[in-house]
Amino acid sequence: MNATTIETLPTGYTLRAPREEDIPAILALLREADDAEFGQHDDWTAEDIRHDWTTIDPAQDAWLVLTPEGALAGYATVFNQGSGKIFGDGYVHPTQHERGIGTALIHLCESRAREMVDTAPEGARVSIGFGANGLNEEAEALFTHEGYAPIRNFYRMRIDMTEEPPAPVWPEGVTLRALKTGAEELADQRAVFEAVEEAFADHWGHVPRTFESWIERVNREDFDPTLWFIAEEDGQIAGFSLCRLSGEQGWLNTLGVRRPWRTRGLGMALLLHTFGEFYRRGMPTVVLGVDAQNLTGALRLYERAGMHVAMRFTTHEKELRAGEELATQTLGD
């Protein structure tokens with residue numbers, strides 16, 4: 001899989017797995033690729049890259065494309081989410097477009113994904129998806145040529161606060177706390193996980209996860225339990241806003257409200273509390289990702305709170321094995 005050449009690469013270009021010493025060059029590539037696509041970039045950190053590598057096997061599931069001079073021309077990873085959902089992620093340096101590098105990265109991810117098909121539950125539909133700039137017609141044409149179809153749109157939303165946001169108004173009986181630490185931390189994380197799974201069962205594309213796979217994605221070196229905001233009523237978790245720092249901005253990873261507490265203003269209260277906490281920490285910019293056709297109305301909530309769409313992504317998908325779709329498609333699933 002990690003051979004040194006591939007047929008679609010230009011003469012002299014090589015391919016290998018990434019190493020720790022490549023992280024600065026990978027960060028530069030991600031930023032420059034996003035700047036060229038969107039006019040801005042996420043505040044990527046070295047910990048983002050390292051953490052990604054803890055959830056995959058970089059020797060098999062990540063690739064660097066190098067120019068004949070040894071400069072980084074492209075980077076890609078593939079991640080098996082389980083339940084038949086596999087995702088590829090690729091970047092090409094802006095100076096290296098139209099050389100077949102994007103095509104090569106798609107082929108590499110798809111080839112590896114086909115090796116993962118048998119890990120899905122028996123009878124489950126298996127697919128591979130890629131996200132790309134939703135306004136990039138060339139990317140759309142490339143995925144169409146490779147047999148992929150656009151299936152869903154997602155937004156990166158952002159708020160840049162110039163003053164402290166309004167104070168949250170909590171529903172009667174609801175209190176807020178941070179994640180418990182010490183001897184109670186693991187049990188509290190399990191309780192949060194169960195609340196997340198229940199709330200996100202209503203979200204398109206959700207597939208059931210194990211606590212072990214979820215916590216592996218959550219527990220980073222820069223994990224801060226004081227940025228997990230947990231709303232409770234009568235000892236039950238009603239909602240949550242799970243955040244982290246990302247460079248010089250706040251990142252809202254997961255915001256959700258369980259069904260019995262919806263339509264009471266809890267989502268807005270959690271969001272405003274999150275904004276306020278980052279603002280008080282000297283980080284007026286907060287970003288998050290959202291499904292543009294979210295089944296529970298999250299997009300409208302974020303817009304009412306003052307967030308705007310900063311980036312637009314389209315997910316392109318190819319079926320690798322027919323079968324039963326295990327991911328949530330409607331609120332009734």
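The values are calculated or read from the model by the stated rules, or taken from the named source; none is laboratory data. In this text, all values refer to a predicted model and were calculated from it rather than measured experimentally. Cβ placement follows ideal geometry from the backbone for every residue including glycine, while neighbour counts extend to all protein chains displayed.
From the list L255, L270, L245, which residue is outside any loop (DSSP other than H, G, I, E, B), within 16 Å of T175 (Cβ to Cβ) and assigned by TED's automatic domain parsing to the domain that holds Y302? Steps first, please.
Numbers: L255 fails: within 16 Å of T175 (Cβ to Cβ); L245 fails: within 16 Å of T175 (Cβ to Cβ).
One residue alone meets the criteria, L270.
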Taking D61, is it in the same structural domain as A25 (by TED's automatic domain parsing), without any contact (Cβ under 8 Å) to a residue 40 or more places away in the chain and acidic (D, E)? no
Give the residues of region 9-29 that are within 18 Å of the chain's Cα centre (by Cα) and surrounded by fewer than 18 Cβ atoms within 10 Å (Cβ to Cβ), sorted by residue number. L27
Any residue in region 259-274 that is among the β-branched types (V, I, T), touching a residue at least 24 places away in the same chain (Cβ under 8 Å), out of contact with any Cys (no Cβ under 7 Å at 6 or more places or on another chain) and crowded, with 16+ Cβ neighbours inside 10 Å? no
Condition test on G289, is it out of contact with any strand residue (DSSP E or B) (no Cβ under 8 Å at 6 or more places or on another chain), surrounded by fewer than 17 Cβ atoms within 10 Å (Cβ to Cβ) and modelled with pLDDT under 95? no
crowded, with 18+ Cβ neighbours inside 10 Å, among the acidic types (D, E) and either modelled with pLDDT of 90 or more or in a strand (DSSP E or B) (or both): is that true of D202 in this structure? no
Can you go through I128, I106 and tell me which one is of a type outside the set (S, T, Y) and closer than 24 Å to I23 by Cα? I106
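Restricting attention to region 225-242, report how many residues are without any contact (Cβ under 8 Å) to a residue 40 or more places away in the chain and either surrounded by 13 or more Cβ atoms within 10 Å (Cβ to Cβ) or in a helix (DSSP H, G or I) (or both). Working first, answer last.
Applying the first criterion (without any contact (Cβ under 8 Å) to a residue 40 or more places away in the chain) to region 225-242 yields 235-236, 241.
After this cut, where a residue has to be either surrounded by 13 or more Cβ atoms within 10 Å (Cβ to Cβ) or in a helix (DSSP H, G or I) (or both) as well, the list is 241.
Matching residues across region 225-242 total 1.
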Tell me, please, whether a residue that is crowded, with 17+ Cβ neighbours inside 10 Å, touching a His at 6+ places or on another chain (Cβ under 7 Å) and within 24 Å of E138 (Cβ to Cβ) can be found in region 33-50. yes
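In this structure, is G235 of a type in the set (G, A, S) and at positive phi?
Values: of a type in the set (G, A, S): yes; at positive phi: yes.
When the stated conditions are applied, G235 passes them.
Of the residues E212, E221, E197, E172, only one is assigned to a helix (DSSP H, G or I) and exposed (fewer than 14 other Cβ atoms within 10 Å of the Cβ); which?
Details: E221 fails: assigned to a helix (DSSP H, G or I); E197 fails: exposed (fewer than 14 other Cβ atoms within 10 Å of the Cβ); E172 fails: assigned to a helix (DSSP H, G or I).
Matching residue, one of E212, E221, E197, E172: E212.
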Looking at (1) surrounded by 13 or more Cβ atoms within 10 Å (Cβ to Cβ); (2) in a helix (DSSP H, G or I); (3) not basic (K, R), which is the one condition that is false for A187? (1)
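Out of the residues in region 246-258 that are at pLDDT below 90 and not hydroxyl-bearing (S, T, Y), state the one that is surrounded by the fewest Cβ atoms within 10 Å (Cβ to Cβ).
The first filter runs over region 246-258 and keeps only residues at pLDDT below 90, leaving 246-248.
Those still in the list that are not hydroxyl-bearing (S, T, Y) too: 247-248.
Values: G247: 14, E248: 11.
Selected residue: E248.
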Looking at region 297-333, which of its residues are part of a strand (DSSP E or B), modelled with pLDDT of 95 or more and of a type in the set (A, V, I, L, M)? L320
Among E122, E137, E172, E110, which is the only one that is closer than 30 Å to L326 by Cα and without any contact (Cβ under 8 Å) to a residue 12 or more places away in the chain? E122
When E216 is evaluated against the numbered criteria (1) under 23 Å from D48 (Cα atoms); (2) modelled with pLDDT of 95 or more, which criterion, by number, is the only one it fails? (2)
